[in-house]
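To keep things clear, I will list the structure first and then write my remarks on it.
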Amino acid sequence: MSNEEFEFSISNTLKSIYRLNIEAACFAAGFVPKHILLDRTRNIHSYFLFLRTKDQHIITSICDTGHLKDGLINVLRTQYSQLDRPLFLIIQDNDKSLKVIEGNFVREKLLEAPNANIEDFLLSNAENFNDIIYSIKKEL
């Protein structure tokens, strides 16, 4: 499955199961995340970046597997400097379960320990999506 097919699939899954208003960002270019979560008034609530695990590695459309840390740094830099909204990294595990981690948490870890293994950090610190989604939905 290509990254585009994966992103389309997970976006549709989140829309149907959790009734989230997720749209593809028409202004997404460079390291601006491709998906936005809209609130009831169609304002941007947050940005979503979809990732998945395959063969013990994290795959995403923003960069190739060997440059995950560089790609994430660029996305986090863009989010921090240009986008005035939270960024959520949604990770689909090998067993198709969803986990989520907030971008600021990842940014703080990278500032604190620039040489950290980002894949291990993401997989060990991401929370179960079901535990977080209801807090997010309350804000919508």
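The values are calculated or read from the model by the stated rules, or taken from the named source; none is laboratory data. Computed from a prediction, not measured in an experiment: that's the story for all the values here. When we count neighbours, we look across all protein chains shown, and the Cβ atoms used for this are built from the backbone with ideal geometry, even at glycine. When the accessible area is computed, the model is the full protein with side chains, heavy atoms only, and any ligands, DNA or RNA have been set aside. Shrake-Rupley method; radii C 1.70, N 1.55, O 1.52, S 1.80 Å.
Observations on the model:
- Residue selected from region 86-115 under the condition among the polar types (S, T, N, Q) and free of Cβ contacts under 8 Å to residues at least 60 places away in the same chain, by the criterion most open to solvent (accessible area, probe 1.4 Å): ASN115
- Region 87-99 - residue that is of a type outside the set (D, E, K, R) and out of contact with any Leu (no Cβ under 9 Å at 6 or more places or on another chain) and, of those, nearest to GLU127 (Cα to Cα): SER97
- With respect to the conditions (1) under 25 Å from SER124 (Cα atoms); (2) modelled with pLDDT of 85 or more, GLN56 falls short on a single one, namely (2).
- Selection within region 99-124 - out of contact with any strand residue (DSSP E or B) (no Cβ under 6 Å at 6 or more places or on another chain), more than 17 Å from VAL75 (Cβ to Cβ) and not hydroxyl-bearing (Ser, Thr, Tyr): GLU112, ALA113, ASN115, ASN117, ASP120, LEU123
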